[in-house]
1. Taking the square root of 5 times each eigenvalue of the Cα gyration tensor, what semi-axes in Å does the equivalent ellipsoid of the chain have, largest first?
2. Given contacts defined as C-alpha pairs under 8 Å and at least six residues apart, what's the relative contact order of the range 9-82, whole-number percent?
3. Just to be sure I understand the model, the point goes 7 Å from the Cα along the line to the Cβ. What's the resulting residue 67 to residue 19 distance in nm?
4. Taking the highest mean first, how do the peptides 14-26, 67-79 order by number of other beta carbon atoms within 10 angstrom per residue?
5. Could you compute the FRET efficiency for residue 26 and residue 4, with r as their C-beta to C-beta distance and R0 at 30 Å, rounded to 0.05?
6. Would you calculate the separation in nanometres between label points at residue 11 and residue 83, each defined as 7 Å from the Cα along the Cα-to-beta-carbon direction?
7. Describe numerically, in nm with one decimal, the distance between label points set 7 Å from Cα along Cα→Cβ at residue 60 and at residue 76.
């Protein structure tokens, strides 16, 4: 039995769910500036596969890297950790 490689996982907030079975997830993190030492907020958007069209805007979700599902989509929603209020 062969073992699979570890997949990358990210936690982010859904910013758009207008596409069919696809959501846009914004992942935020802080990074220290190499010269000035100040922490800078960074954001990256990912397109993730949402099989059941279950996610809403503002939901916090956990996404996992997967095989390419389309030109821009190679992440999938693993779970919805927190619903939007």
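1. They are 24, 19, 12 Å, listed from largest to smallest.
2. Computed over the range 9-82, the figure is 32 percent.
3. Calculated label separation equals 1.9 nm.
4. Highest to lowest by the protection proxy: 14-26, 67-79.
5. In this case the efficiency is close to 0.65.
6. 2.0
7. About 2.4 nm, to one decimal.
No lab work stands behind these numbers, since they all come straight from the coordinates. Quick caveat: nothing in here was measured; it's all calculated off a predicted structure. In this analysis, Cβ positions are derived from the backbone assuming ideal geometry, glycine residues included, and neighbour counts consider all displayed protein chains.
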